């Protein structure tokens, strides 16, 4: 009988930032962030802040069986603005995100190198959100919400030496979801069930 220890790495950063710091680092000319194009609305660089925590863990449970999981909590709100209310949620900033992805690659036999993968991806909030229904804010005024969603993906692949071929299956259950918004006039739908094939060779 063989026993294996989970070989893994994990990170747990705690983040708190104000966007004026990011703006200064990126460009001294940036002094506004336009997050809601439908209302032609911009926030001053010191008008928003975000804080939260991120957690990532990855490892190999058994030879050929790998797993990676992540979770993030982000509290992104308006802190100073004349047009919108202070403490309104920023759009396209879900409070909770989480993912779990695992793969298994055959290690022996004639099918060595054949692998399978599957995972779950969650984007959304809980009932403690400022939004009445507990979803993502759709605009800076928080006048509408974008529903949370859980998407399931899968993959089949084969790799040997420098060669790799894969079939990726996105949104297996073909759910209807929205990636994000730029206000009421621009809501980006997520892709339906999609199959994508790739072939690669490393030199």
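Values in this text are rule-based calculations from the coordinates and carry no lab data. As the structure is a computational prediction, the values presented were derived from the model and not from experiment. Positions of Cβ are backbone-derived with ideal geometry, glycine not excepted, and every protein chain shown enters the neighbour counts.
Here are a few things to note about the model shown:
- Of all residues making up the stretch 47-63, the number that are surrounded by 15 or more Cβ atoms within 10 Å (Cβ to Cβ) and assigned to a loop (DSSP other than H, G, I, E, B): 1
- Subset of the stretch 145-182 (residues that are in contact (Cβ under 8 Å) with a residue 40 or more places away in the chain, surrounded by fewer than 16 Cβ atoms within 10 Å (Cβ to Cβ) and in contact with a strand residue (DSSP E or B) (Cβ under 9 Å, 6 or more places away or on another chain)): 156, 162
- Residue in the stretch 157-179 that is part of a strand (DSSP E or B) and either touching a helix residue (DSSP H, G or I) at 6+ places or on another chain (Cβ under 9 Å) or within 27 Å of residue 75 (Cα to Cα) (or both) present: yes
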